[in-house]
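Each remark here refers to the structure printed beneath this line.
Read-outs throughout are calculated quantities, based only on the coordinates presented, and are distinct from any laboratory measurement. What you are looking at is a predicted structure, and each value in this text was computed from that prediction instead of being measured. All Cβ positions, glycine included, derive from the backbone under ideal geometry; neighbour counts span all protein chains shown.
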């Protein structure tokens, strides 16, 4: 699936780390939300609210997941999951394109 | 209008100038296309295929339109139009969020 159909997309970008990480919010017909994002090379730390599934569309990065001591490599075509209310770090080596899904557990 | 509804959005980003300018392509139900883009500070030159209407959502830049000798300032809430098959330059002063509409004349 190379595109999302029948969605609502915000005109305004989400900008983090002075533009090092930027994304657009996409809302689906069922109310679920994803962000389509891009990260420039650099090191970034984020804290989740919900479970987040990070699908790497293109690029090359190292990820330090919460509770782990080892950075693990991810590339285009791979994904990782971050628990809710957790902090994780990314060391982006080449421009990285991603889709982040937010998973609410009710 | 702060968002676009009932659209198709590409998962893959368009990346120019080593990530200085990035955008996502949005296709509307009537087949028309826009890009939702973000520019980091820097100077960029683009060449159009169709007429392009650049709506600045946020930010601050100078623009040199084709055939003009004077750079003109634009900010969030303003827009400019570029003819088809023309080259224009932008000198982006602060992170600039834009919507670009492509106008095909048949």
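Answer rounded, prolate or oblate for the range B:10-60, using the Cα gyration tensor with square roots of eigenvalues a ≥ b ≥ c: rounded when a/c is under 1.5, else prolate when a/b is larger than b/c, else oblate.
Numbers: a/c = 1.72, a/b = 1.48, b/c = 1.16.
Cα axes put the range B:10-60 in the prolate bin.
Could you estimate the translational diffusion coefficient of chain B from the Stokes-Einstein equation, with Rh from the Kirkwood formula over C-alpha pairs, at 37 °C and 0.692 mPa s, in whole µm²/s? Mind showing how you got there, number by number?
Details: Rh = 14.2 Å.
Translational diffusion coefficient: 232 µm²/s.
Per-residue Cβ counts within 10 Å, from other chains only, averaged over A:17-23: what number is that? Spell out each step's value before the answer.
On the way: counts 0, 3, 10, 2, 0, 8, 3.
That average works out to 4.
Most fluctuating residue of B:32, B:43, B:96 in a GNM of chain B with Cα springs under 10 Å: which is it?
B:32
Estimate the FRET efficiency between residue A:5 and residue A:104 by the formula 1/(1 + (r/R0)^6), using the beta-carbon distance for r and 35 Å for R0, to the nearest 0.05. Could you put the intermediate results ahead of the total?
Values: r = 22 Å, r/R0 = 0.64.
After rounding, the FRET efficiency stands at 0.95.
Pop the C-beta distance of residue A:45 and residue B:87 into the FRET formula with R0 = 41 Å and round what comes out to the nearest 0.05.
Values: r = 40 Å, r/R0 = 0.98.
Working from the Cβ atoms, E equals 0.55.
Would you tell me the mean number of C-beta atoms belonging to other protein chains that fall within 10 Å of each C-beta in B:35-44, as a whole number?
On the way: counts 0, 7, 3, 9, 1, 6, 2, 0, 0, 0.
Average per residue, whole number: 3.
How shielded is B:2-8 by partner chains, expressed as the average number of their Cβ atoms within 10 Å of its Cβ atoms? Please report the intermediate quantities before stating the final value.
Details: counts 3, 10, 5, 5, 5, 8, 6.
Across B:2-8, the average partner-chain Cβ count within 10 Å equals 6.
Counting pairs of alpha carbon atoms under 8 Å apart in space and at least six apart in sequence, what relative contact order in percent does chain B give? Don't skip to the answer; put the middle values down first.
On the way: 255 pairs, mean separation 31.5, N = 106.
Normalised by residue count, the contact order of chain B is 30 percent.
If a/c stays under 1.5 just call it rounded; otherwise compare a/b with b/c (prolate if a/b is bigger, oblate if not). Do that for the protein assembly as shown, with a ≥ b ≥ c from the square roots of the Cα gyration tensor eigenvalues. It would help to have the intermediate numbers written out before the result.
Details: a/c = 2.29, a/b = 1.61, b/c = 1.42.
It is prolate, given that a/c is not under 1.5 and a/b is the larger ratio.
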